[in-house]
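Have a look at the structure below before the remarks.
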Amino acid sequence: WSGPTFTDSGGFQVMSLGSGFKKVINMEAVDQSGPDGQVAAGKERLAHGDDDGVWFKSHPNGDRHRSTPEASMQVQHRIGADIMFAFDELTTLQNSRGYQEESLERTRRGAERCVAEHERLTIERPHRPYQALFGVIQGAQYEDLRRKASRDLGNMN
């Protein structure tokens, strides 16, 4: 393939494993005010995010894996994508406003770490074509949070 390539940071996949919209989240117990993360009966959350990254469990064999913003950048650099995306935490519209605010901050800090790792890897591999790094705007249905995310990311390199 001689055209441009794009890679994803893994944020959507983490949300899919962790929330599995209408599959893992107990939709009957969720409203705009919370609670966040209540799991439906008989279901298992396969991903758990924290301030450093995410733990996720392989559904085929049960192995546990760790991913971080730095690991996401390393994989995307190795793939050689022309356009990469910063590691983000994708939420659902069912998460509370409070959770959306916390997630926005984790995504901002993750983006800062991605920028630093991207710069390090770019310097380390000067023989490779430049790979562009884009941030991801989060904030769900809250316009003020999306605007804040846009400002925060716009202030980064």
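Could you sort the peptides 139-145, 97-103 by per-residue average Cβ neighbour count (10 Å cutoff), highest mean leading?
Peptide ranking by packing, descending: 97-103, 139-145.
Using a cut-off of 9 Å between beta-carbons, work out the net charge of the residues near Ser103 (Lys and Arg +1, Asp and Glu -1, Ser103 not included).
Residues close to Ser103 contribute a combined charge of -4.
How large is ³J(HN,Hα), in whole Hz, for each residue of segment 98-115 in order, when computed from phi with the Karplus curve 6.51 cos²θ - 1.76 cosθ + 1.60 and θ = phi - 60°, using x for Gly and Pro?
So the Karplus estimates, Gly and Pro as x, are x, 5, 4, 5, 4, 5, 4, 5, 4, 5, 5, 5, x, 5, 4, 5, 5, 4 Hz.
What is the packing order of peptides 110-119, 64-73, taking the mean over residues of other C-beta atoms within 10 Å and listing the highest first?
Listed from highest to lowest mean packing, they are 110-119, 64-73.
Given the Cα-Cα distance of Asn157 and Arg128 and 0.36 nm per residue of separation, how much length would full extension add, in nm?
8.5 nm
Hey, what's the per residue convex hull volume over the C-alpha atoms of segment 80-157, in cubic angstrom?
Taking the convex hull of the Cα positions in segment 80-157, it is 78 Å³ per residue.
In terms of modelled amide H atoms, which long-range or inter-chain residues lie less than 5 Å from the amide H of Phe134?
Placed amide hydrogens put Met84, Phe85, Ala86 under 5 Å from Phe134.
Check which residues have an amide H placed less than 5 Å from Thr5's amide H, if you skip close sequence neighbours.
Sorted by chain and number, the residues that satisfy this are Asp82, Ile83.
With Cβ to Cβ distances under 15 Å as the rule, what net charge do the other residues near Asp82 carry (K, R +1; D, E -1)?
+2
Read phi for every residue in segment 126-139 and hand back ³J(HN,Hα) as whole Hz from Karplus 6.51 cos²θ - 1.76 cosθ + 1.60, θ = phi - 60°, with x for Gly and Pro.
Whole-Hz 3J(HN,Hα) from phi for segment 126-139: x, 7, 8, x, 5, 10, 7, 10, 10, x, 10, 7, 10, x.
None of the figures in this text is laboratory data; all of them are computed from the coordinates on show. Everything numeric in this text was worked out from a predicted model, so none of it was measured. Quick reminder, even Gly has a Cβ in these numbers, built from the backbone with ideal geometry, and neighbours come from all protein chains shown.
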